[in-house]
1. Using label points projected 7 Å from each Cα along Cα→Cβ, tell me how many nm separate residue 116 and residue 1, to one decimal.
2. Find the Rg to Rh ratio for the chain, where Rh is the Kirkwood radius over alpha-carbon pairs and Rg uses the same atoms.
3. Can you list which of the DSSP-assigned H helices in the chain have a Cα extent of 15 Å or more along the long axis and an average Kyte-Doolittle score of at least -0.5?
4. Specify the residue with the greatest mean-square fluctuation among 114, 31, 87, computed from a Gaussian network of the chain linking alpha-carbon atoms under 10 Å apart.
5. So how much accessible area does residue 14 have, in Å² to the nearest 10, using a 1.4 Å probe?
6. Given Cα pairs under 8 Å that are at least 6 residues apart, what percent is the relative contact order of the chain?
7. Enter the accessible area of residue 121 (Å², nearest 10), with the probe set to 1.4 Å and all protein chains included.
8. Rounded to the nearest 500, what is the 222 nm mean residue ellipticity of the chain from helices alone, with -39500 (n - 2.57) per DSSP H run of 4+ residues and division by all residues?
Amino acid sequence: MTRISVKVDGTTYEDDVEPRLLLIHYLRDRLGLTGTPVGCDTSNCGACTVDLDGETVKSCSVLAVQADSGEVTTVQGLARDGEWHPLQKAFHERHALQCGYCTPGMIMAARDLLRENPAPDPQEVREALEGNLCRCTGYQNIVRAVLAASGQEATT
């Protein structure tokens, strides 16, 4: 076992973990943060995307021990004082989900995009979300939601 200390969604946790435990399983099974789903377990779909020390990562490809002394933000940690994050609101208002399975990862990847580029065009949104797969939608409403959250409306 390896002792880790990690801040997740503003709360610091200290735990003994197996060195091979994936971050996604630490978040879901140990901490009970089930808002981040296990999608493919191969890092292809992006459903498990979280923020680790300011960078988006697919938590199925990161070991929990790699997050030691770090800070993780999950989709659940975006809401503040009972208020949804602007991306969460936009996804809801623009019907940017169907089954919702990919939504946490899409929101986290979009958040990273908007940190780096607060006013992306539709093509830049599509390129930023390339590592996140949705099996239900045609992506149009997802792009619209990201643009709406950035203060823009989709032009396509």
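The values are calculated or read from the model by the stated rules, or taken from the named source; none is laboratory data. On a predicted model such as this, the values are computed, not experimentally measured, just so you know. Neighbour counts run over all protein chains shown; Cβ positions are idealised from the backbone, glycine included. For the accessible areas, the whole protein counts, side chains as well, though only heavy atoms, and no ligand, DNA or RNA atoms are used. Shrake-Rupley method; radii C 1.70, N 1.55, O 1.52, S 1.80 Å.
1. It is 3.9 nm.
2. Working: Rg = 15.5 Å, Rh = 15.7 Å.
Across the chain, the Cα-based Rg/Rh ratio is 0.98.
3. On the way: long enough: 103-116 (20 Å, 0.06).
Membrane-span-like by this criterion, though nothing is claimed about a membrane: 103-116.
4. Result for the chain, Cα springs under 10 Å: 31 fluctuates most.
5. So the heavy atoms of residue 14 present about 110 Å² to solvent.
6. Details: 289 pairs, mean separation 36.4, N = 156.
Relative contact order, the chain: 23 percent.
7. For residue 121, the solvent-accessible surface is approximately 70 Å².
8. On the way: 4 runs with 39 residues, N = 156.
Here the helix-only value at 222 nm equals -7500 deg cm²/dmol.
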